[in-house]
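Written out below as structure tokens is the structure these notes cover.
The values are calculated or read from the model by the stated rules, or taken from the named source; none is laboratory data. Values in this document were obtained by computation on a predicted structure and should not be read as measured data. All Cβ positions, glycine included, derive from the backbone under ideal geometry; neighbour counts span all protein chains shown. These accessible areas exclude ligands, DNA and RNA; they are computed on the full protein's heavy atoms, side chains included. Shrake-Rupley method; radii C 1.70, N 1.55, O 1.52, S 1.80 Å.
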Amino acid sequence: MANQSFDVIIIGGGPAGYPAAIRASQLGLTACVVERDKLGGVCVNIGCIPTKALLHSAAMANSIRKEAKELGIEVGEVKTDYGVAMKRSRKVAEQNSKGAEFLMKKNKVTVIKGTGVLASATTVKVGDDVLTAKKGIVLATGSRTKGIPPVGLAVNGTTVITSDEALFLETAPKRLAIVGAGAVGCEFADIFNAFGSEVTLIEALPRILPIEDAECSDVIAKSYKKRGINVLAGVKVVKADVKAAEVSITVEVGGKQETITADKVLMAAGRAVNTEAIGLEAVGVKLTDRGFIQVNPATLETTVKGVYSIGDVAGPPMLAHKGTREGIHVAEVIAGHHPKAIDYSNVPSVTYCHPEVASIGLTEEQAKEQKLDYQVGRFPFSANGRARASNETDGFVKIIRGKKYGEIIGAHIVSGHASEMIHELILARTNEYTVEEVDLAIHAHPTLSEAIAEAALDSLGRAVHI
Ligand SMILES: Cc1cc2nc3c(=O)[nH]c(=O)nc-3n(C[C@H](O)[C@H](O)[C@H](O)COP(=O)(O)OP(=O)(O)OC[C@H]3O[C@@H](n4cnc5c(N)ncnc54)[C@H](O)[C@@H]3O)c2cc1C
């Protein structure tokens, strides 16, 4: 490899880093990605993609169990095998990582295998080799799993695990406790419940999916309880006793202590960012109070001129699509363009459990806190013809409309297909359409999306089908 020079050097080939390289190359810059593991990062290899493959297996198992007979389909006893589903999920992840490799070749991006360390504002060291950047260096080193050692839940990879290990298990544990009920925790609860584990979902905040609108959390909590998942929200993990084959977790609920014993504990209460040993201090790249790399949100430049940062390591929300947008943005900035500022208030949030939860903008709780003058429109899928036809009647669409101007303050969908449906509302909110303008669009019948138009109408007090 020896010493080489590029216009842009990107450390980290995850969903933030590799699209940055593609965009840089499209803009005529020479780009290089330094990646120590597989292209695609956490998202492709041990995050978004394999979990969605497993969630598909889980949804199929639940659907066949629950509905086959009613749909006129005769099947024998439904048996599940997590190992088989896991192997399929690995193939899907592998395909996606290969896809990223192909895209690097297609766009003439140089990929260097190894660990990149910032050596100066214009150079990166990979082993003994020095790479020089003529226009910019982008730090896209991402994040990693973590445990909670102070309460005895340090990750040991066998009984105390994280998503990293859960994605490679050959069998579903008989008893599984999940600590943290954000998107990752809720998705794994859904998966392992479908594969026969007795799941306990533990959340310190008062409700599961705590950053979502409370009504969405309620639907998921009810649906999980109905499926036999033990949902414990508003509980504090006090201590854990980790033995060779099981773990006992003591939690405090309303002043009383309770012990949950499980074969495995899956830690899903936050992630640590990869800021260590990449040369930040030596070069003068500063961190925020919360430990992320500090960037100027308009340019994504760090505290060192010519050094930029994107993705998980550059701050929340720690989501692949936020990182990808930053990757494209930073490449344009480095190429001397003036891209429109990233609108962080319009980053959608999705949890792919069943039913799915998808949202954009403020929750009703936030609208209340901010003392906004709003009206809420709701439409339940139980009143939607397509949802009835497809046995997908759980959930609703909720639109929070500004009373004076009709703007979309927030929109929330709980539905089997919420992750796909939310985009209509993302498009509307990003482009500042009013709720009335959402209704102006004629929605095809029969579709689940008609519930969006109905919720828009309901916020104006004139829903038709309810
Ligand atoms: C189980 C799970 C499910 C998830 N599901 C979703 C989802 O459905 N939707 C969603 O939007 N987000 C999801 N996420 C979050 C998503 O995976 C992350 O937000 C995303 O991967 C962040 O992208 P990134 O490029 O910033 O970092 P990463 O994906 O972490 O990639 C960083 C890359 O940098 C490499 N690297 C680090 N340091 C160095 C170094 N010094 N030298 C060379 N290479 C280095 C790493 O090997 C890695 O490949 C999920 C996460 C998990 C754990």
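Mind giving me the nanometre distance, one decimal, between the label points for ASN431 and LYS105, set 7 Å out from Cα along Cα→Cβ?
Distance between label points: 3.8 nm.
Could you run the Karplus curve 6.51 cos²θ - 1.76 cosθ + 1.60 with θ = phi - 60° over the range 294-306 and give me ³J(HN,Hα) per residue in whole Hz, x for Gly and Pro?
7, 10, 7, x, 7, 10, 6, 7, 7, 6, 10, 4, x
For THR132 and THR261, calculate 0.36 nm times their separation in residues minus their Cα-Cα distance, and state this gained length in nm to one decimal.
41.1 nm is the gain from fully extending THR132 to THR261.
Which loop chymotrypsin sites (Phe, Trp or Tyr not before Pro) in the range 334-437, with loop taken from DSSP, have no more than 15 other Cβ atoms within 10 angstrom of their Cβ?
TYR405
Mind checking the full-extension length gain between ILE466 and TYR405? Use 0.36 nm per residue of separation minus the Cα-Cα distance, one decimal, nm.
19.5 nm
Give the shape of the range 302-346 as rounded, prolate or oblate, defined through the alpha-carbon gyration tensor: a ≥ b ≥ c are the square roots of its eigenvalues, a/c under 1.5 means rounded, and otherwise the shape is prolate if a/b is larger than b/c and oblate if not.
oblate
Calculate, for LYS69 and ALA277, the FRET efficiency according to 1/(1 + (r/R0)^6) with r their C-beta to C-beta distance and R0 41 Å; round to the nearest 0.05. Walk me through the intermediate numbers first.
Values: r = 57 Å, r/R0 = 1.38.
About 0.15, to the nearest 0.05.
Please give the net charge around VAL330, taking every other residue with its beta carbon less than 12 angstrom from that of VAL330, where Lys and Arg add +1 and Asp and Glu add -1. Walk me through the numbers on the way to the answer.
Working: positive: ARG23, LYS135, ARG325; negative: GLU301, GLU326, GLU332.
Residues near VAL330 contribute 0 overall.
State which entries of LYS226/LYS256; LYS146/LYS243; LYS38/LYS125; LYS113/LYS340; LYS322/LYS404 exceed 22 angstrom in Cα-Cα distance in the structure shown.
Pairs exceeding 22 Å: LYS226/LYS256; LYS113/LYS340; LYS322/LYS404.
Just flag the GluC sites (Glu not before Pro) in the range 406-466 sitting in loop per DSSP whose Cβ has no more than 13 other Cβ atoms within 10 Å. Write out the running numbers ahead of the final one.
Values: sites: GLU407, GLU420, GLU424, GLU432, GLU436, GLU437, GLU450, GLU454; in loops: GLU432.
Counting only loop positions with at most 13 other Cβ atoms within 10 Å, the GluC sites (Glu not before Pro) in the range 406-466 are GLU432.
Mind checking the log10 I(q)/I(0) for the chain at q = 0.12 Å⁻¹? Debye, one equal scatterer per Cα, no solvent, two decimals.
-1.15
If the cut-off is 20 Å between C-alpha atoms, which aspartates and glutamates fall inside it for LYS135, apart from same-chain ones fewer than 8 positions away?
Leaving aside aspartates and glutamates fewer than 8 places away in the same chain, those within reach of LYS135 are ASP7, GLU35, GLU301, GLU326, GLU332.
With each label point set 7 Å from Cα along the Cα-Cβ vector, what nm distance links ALA244 and GLU170?
Going by the 7 Å Cα→Cβ label model, 1.9 nm.
How would you classify the range 152-271 from its alpha-carbon gyration tensor, with a ≥ b ≥ c the square roots of the eigenvalues: rounded for a/c under 1.5, else prolate if a/b is greater than b/c, otherwise oblate? Write down the numbers at each step before the final one.
Values: a/c = 1.63, a/b = 1.21, b/c = 1.34.
Since a/c reaches 1.5 but b/c is at least a/b, the shape of the range 152-271 is classed as oblate.
Give me the distance in nm between label points sitting 7 Å out from Cα along the Cα-to-Cβ direction at GLN26 and ASN391, one decimal.
Taking the two extended label points, one gets 4.2 nm.
Counting other Cβ atoms within 10 Å of each Cβ, which GluC sites (Glu not before Pro) in the range 139-212 have at most 11 and sit in a DSSP loop?
Sparse-neighbourhood loop GluC sites (Glu not before Pro): GLU170.
For the range 119-161, report the accessible area per residue in Å² (1.4 Å probe, heavy atoms, rounded to an integer). Present the calculation step by step, with values, prior to reporting the outcome.
Working: 1830 Å² over 43 residues.
Heavy-atom accessible area per residue stands at 43 Å².
From the mean inverse distance of alpha carbon pairs (Kirkwood) and the Cα radius of gyration, derive Rg over Rh for the range 1-74.
My calculation puts Rg/Rh at 1.35.
For the range 66-171, which whole-number percentage of the solvent-accessible area (1.4 Å probe, protein heavy atoms only) is attributable to carbon and sulfur atoms?
55 percent
Apply the a/c threshold of 1.5 to the C-alpha gyration tensor of the range 316-371 and tell me whether it is rounded, prolate or oblate.
Oblate is the answer for the range 316-371, as a/c is 1.5 or above yet b/c matches or exceeds a/b.
Write down the Kirkwood hydrodynamic radius of the range 30-137, to one decimal in angstroms, obtained as one divided by the mean of 1/r over all alpha carbon pairs.
Working: mean 1/r = 0.0586 Å⁻¹.
Taking the inverse mean of 1/r over all distinct Cα pairs, the range 30-137 comes out at 17.1 Å.
So what is the 222 nm mean residue ellipticity for the chain from helices alone, if each DSSP H run of at least 4 adds -39500 (n - 2.57) and you divide by all residues, rounding to the nearest 500 deg cm²/dmol?
One gets -9500 deg cm²/dmol as the mean residue ellipticity at 222 nm.
Taking the Cα centre of the range 204-338 as origin, work out the dipole magnitude from +1 charges on Lys and Arg Cβ and -1 charges on Asp and Glu Cβ, in debye rounded to 20.
380 debye
In the chain, which whole DSSP H runs stretch at least 20 Å along their own axis (Cα) and average -1.0 or higher on the Kyte-Doolittle scale?
48-67, 82-106, 320-334
List the residues, sorted by chain then number, that are 5 or more residues from ILE112 or on another chain and whose placed amide H is less than 5 Å from its amide H.
Here VAL33, VAL34, GLU35 satisfy the definition.
Starting at 0 and stepping by 5 Å, how many percent of the alpha carbon pairs of the range 45-89 end up in each bin?
P(r) for the range 45-89, in whole percents per bin: 5, 21, 26, 19, 14, 10, 4, 1.
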